[in-house]
Amino acid sequence: MFHTPPKLRPICLLKSCYNRVMLVADICIFRGVSQLYSYIITDPNTYCIGQCVSIPFGRYPVKGVIFNIRLATQTDNISKLKSILAPIETAFIINQEYIDLICWFATYYQTTLHKAYQTIIGNRKSRAPLSLNNFTLSPSPFTLNQHQQAAFDTIVKETTFSKHLIHGITGSGKTEIYMRLAQHCIKQGQQIIICCPEISLTPQFKAQFTERFNDHVVVIHSGLTAKKRDECWASLQHKSASIVIGPRSAIFAPVQRLGMIVIDEEHDGSYKQDNHPRYLSHEIAKWRCQYHNCPLVLGSATPSVTSFLAAKNSAIAKNSSYNVLSKRATGSSLPTVSTIDMTQHGQAGQLLSTPLQTAIVETLKKNQKVLLLLNRRGFAPYVACQSCKTIHSCDQCGLSYTYHKDKTFRCHRCDITIAFSHQCKKCKKPHLAFSGQGIQKIEIELAQQFPQAHVIRLDKDTAKTATQMEKQLNTFKKEGNILLGTQLIAKGHHIEDISLVGVLGIDTQLNIPDFRSAERSFQLLMQVAGRAGRGKYEGHVYIQTTQPNHYAIRCAQTHDYERFIHQESEFRQQLKYPPFGELTYIILSCTDEKMLKNYCKRCSTYIGKHSLEEHVSILGPKPAPIEKIRDHYRWTILIKHSLNDTQAVKQWILDFPKRPADIRLICDFSPLQLL
């Protein structure tokens with residue numbers, strides 16, 4: 001898609017030639033183009049590789065970044081080349097690693113150099129670093145147990161690129177290992193990136209690491225102001241900070257002496273970018289660790305099927321390891337897990353089953369805390385007219401609106417909010433009614449049934465920022481009795497007084513038409529169950545479900561990870577789903593349904609005439625499971641292939657029929673969902 005910059009000559013050689021030959025800069029233009037463009041450097045002392053500049057492009061000046069400076073050659077046709085206009089002094093100057101990463105990223109994810117630059121660098125400005133003064137290291141108050149020590153020793157003995165999986169049950173002390181690894185890197189004069197799945201978890205990580213490492217720690221995420229992010233970047237670039245903590249985007253932090261990358265809760269889907277370009281943090285981490293020749297560490301209580309099988313199969317290799325932490329660091333036991341069959345215990349309209357209600361009463365009597373998970377925002381997720389039975393749905397996607405207590409209808413798929421009304425859009429009668437269970441409805445029922453309890457709700461409506469979430473959690477720790485939340489509360493949080501966990505509405509997750517639904521449901525159950533019994537109280541978990549015999553639920557009930565992997569692997573192997581095959585998912589979308597269908601017909605003709613290898617399976621074009629989002633109709637093509645076919649598949653996609661400008665094509669390599 002573009003020309004990779006040639007190998008750079010040392011700049012000192014170029015300086016010796018300033019007076020004899022012309023210098024040319026190869027520049028990544030900040031436009032949707034797929035190649036570098038060459039410009040003359042009129043003042044060699046003003047420009048450097050990695051610098052942002054203003055250049056003439058078409059009729060107007062545009063921005064770009066210098067990827068290479070070289071001696072002009074006969075093929076450059078100097079007479080037709082234009083000169084760079086001026087440097088952009090405020091812009092962040094990127095190093096050679098970033099240039100190489102941008103080029104690799106653009107090729108791997110089939111996007112333009114500018115889009116790759118935007119994703120990796122963004123609109124960074126050159127600023128002064130943070131004022132950091134306290135670089136003392138506090139000793140750990142904990143002693144590693146045998147399994148923790150073995151995992152730590154295995155990782156730090158590696159001095160080149162290696163890949164390690166820490167498979168530790170909830171509460172097994174993975175974070176303590178991460179802190180020991182960070183300390184090791186600092187003592188070696190290196191820097192470390194530690195990724196967590198959600199911005200909401202960064203305050204907890206920051207507090208733990210800052211207590212031990214003081215000003216060595218910086219946090220990077222999208223919730224910070226642009227100025228603060230720039231200052232953090234400057235601190236890393238100037239090597240004054242050594243530990244980076246943050247979610248997915250932290251993987252691009254400008255560390256200069258990378259000694260290690262850690263991806264905590266590596267199974268989490270938030271490590272995959274959900275819009276174009278759909279990169280996976282694991283792939284970026286692997287590239288950067290290979291570039292710096294250092295270890296990559298993945299950690300989880302419920303590793304993804306792909307990561308687990310890869311680690312198990314390569315554990316005997318010199319550059320990889322599989323490390324198991326099967327005991328909680330405090331010595332406490334895993335909670336007991338019970339299922340409540342809602343076909344037997346659930347009455348019409350009942351949100352909390354009788355066994356769960358009884359367990360909540362007993363827990364509150366003991367002054368212990370309760371955590372309830374319902375992964376559905378709003379009050380009622382289904383709105384319909386009682387007269388004509390028409391579903392009150394979003395015009396841009398067809399999904400039923402969710403009613404919220406603030407008297408609004410919201411589409412969580414398109415992120416649209418409209419004013420509340422009882423009037424049906426079709427028959428105009430004021431007969432709209434709400435049904436289904438949302439977290440706000442559960443909150444009201446809890447207040448009615450347990451009026452003495454302090455109930456705290458935690459979801460994206462009550463905690464829009466990491467600061468708000470931290471405040472809510474601190475309130476719960478100090479004075480709360482029941483914490484009700486979406487999946488935000490399921491991972492990473494350590495609250496010792498929680499002894500009871502209740503899970504509501506897991507069937508919705510299980511029934512999503514996606515091949516990873518069972519895996520995601522199992523992981524969610526295991527993660528939220530791990531919030532119980534982390535202190536001095538025994539933990540108990542109740543799962544309300546209409547599918548108590550589903551293997552994901554049965555395996556979660558017995559904490560049997562390997563049994564789940566065995567059953568899940570059998571299903572995937574038969575259908576050649578990852579890790580037993582590679583997937584490439586093409587999403588075609590357009591606001592004009594007829595135009596999209598016509599183009600998909602042309603794609604079908606192309607597929608029929610230009611087949612890939614026999615073992616490559618192509619499904620589609622066909623309407624997507626979610627046929628419309630934000631007024632865009634969607635069709636998909638799923639390609640099942642082997643790893644060796646990846647480059648051929650990418651070229652096959654590049655040769656697709658030319659599409660109208662109004663049709664968007666997104667390639668999702670190694671997709672985490674097929675919706």
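The values are calculated or read from the model by the stated rules, or taken from the named source; none is laboratory data. Here the structure is a predicted model, which means the values were calculated and not measured. In this analysis, Cβ positions are derived from the backbone assuming ideal geometry, glycine residues included, and neighbour counts consider all displayed protein chains. Surface areas here come from the heavy atoms of the whole protein model, side chains and all, with no ligands, DNA or RNA. Shrake-Rupley method; radii C 1.70, N 1.55, O 1.52, S 1.80 Å.
Couple of notes before you dig in:
- Spans of helices (runs of 4 or more DSSP H) in the range 249-349 with at least 2 residues within 23 Å of Phe161 (Cβ to Cβ), touching a residue at least 12 places away in the same chain (Cβ under 8 Å) and open to solvent by less than 20 Å² (accessible area, probe 1.4 Å): 281-292, 305-314
- Only one of Gln523, Gln509, Gln487 that is open to solvent by 20 Å² or more (accessible area, probe 1.4 Å), more than 30 Å from Gln452 (Cβ to Cβ) and either in contact (Cβ under 8 Å) with a residue 12 or more places away in the chain or under 19 Å from the mean Cα position of the chain (by Cα) (or both): Gln509
- Unique residue being of a type in the set (A, V, I, L, M, F, W, C) and without any contact (Cβ under 8 Å) to a residue 60 or more places away in the chain when the list is Ile192, Ile186, Ile120: Ile186
- Considering residues of the range 400-413 that are farther than 14 Å from Arg376 by Cα and free of Cβ contacts under 8 Å to residues at least 24 places away in the same chain only, the residue most open to solvent (accessible area, probe 1.4 Å): Lys407
- Residue within the range 218-236 that is within 24 Å of the chain's Cα centre (by Cα), open to solvent by less than 10 Å² (accessible area, probe 1.4 Å) and under 26 Å from Ala151 (Cα atoms) present: yes
- Within the range 25-40, residues that are of a type in the set (Ser, Thr, Tyr) have Cβ atoms under 7 Å from residues that are open to solvent by 50 Å² or more (accessible area, probe 1.4 Å) in these pairs: Ser34/Met1; Tyr39/Lys82, counting only partners at least 6 apart in sequence or on another chain.
- Matching residues, the range 73-94, being open to solvent by less than 30 Å² (accessible area, probe 1.4 Å), at pLDDT below 95 and either farther than 11 Å from Val24 by Cβ or touching a Leu at 6+ places or on another chain (Cβ under 7 Å) (or both): Ala91, Phe92
- Number of positions in the range 95-120 that are at positive phi and modelled with pLDDT of 95 or more: 0
- Index of the failed condition, Glu479 passing every other in (1) under 25 Å from Thr402 (Cβ atoms); (2) in contact (Cβ under 8 Å) with a residue 12 or more places away in the chain: (1)
- Pair list, Cβ < 7 Å and 6+ apart or interchain, from the range 448-476 residues that are charged (D, E, K, R) to residues that are not in a helix (DSSP H, G or I): Arg457/Leu484; Arg457/Gly485; Asp459/Arg377; Asp459/Gly485; Asp459/Thr486; Lys460/Arg377; Asp461/Arg377
- Among the conditions (1) over 32 Å from the mean Cα position of the chain (by Cα); (2) open to solvent by 30 Å² or more (accessible area, probe 1.4 Å), the only one that Ile55 does not satisfy is (2).
- Scanning the range 182-198 for residues that are within 18 Å of Phe142 (Cβ to Cβ) and crowded, with 21+ Cβ neighbours inside 10 Å yields a count of 2.
- Leading residue by the ranking (nearest to the chain's Cα centre (by Cα)) among those in the range 554-581 that are farther than 18 Å from Leu674 by Cβ and among the polar types (S, T, N, Q): Ser569
- Odd one out for Asn367, checked against (1) touching a strand residue (DSSP E or B) at 6+ places or on another chain (Cβ under 6 Å); (2) exposed (fewer than 15 other Cβ atoms within 10 Å of the Cβ): (1)
- Test for Gly533: is it at positive phi and touching a Ser or Thr at 6+ places or on another chain (Cβ under 8 Å): yes
- Residue satisfying all of: in the range 237-248; open to solvent by less than 30 Å² (accessible area, probe 1.4 Å) and not hydrophobic (A, V, I, L, M, F, W, C); farthest from Ser589 (Cα to Cα) among these: Ser242
- Any hit, the range 609-617, residues being at pLDDT 95 or above and buried (at least 17 other Cβ atoms within 10 Å of the Cβ): no
- Unmet requirement for Ile618, which otherwise passes all of (1) assigned to a helix (DSSP H, G or I); (2) within 19 Å of Tyr577 (Cα to Cα): (1)
- A count restricted to the range 138-159 and to residues that are assigned to a loop (DSSP other than H, G, I, E, B) and open to solvent by less than 60 Å² (accessible area, probe 1.4 Å) stands at 5.
- Filter result for Ile543 (closer than 15 Å to Pro335 by Cα and not polar (S, T, N, Q)): yes
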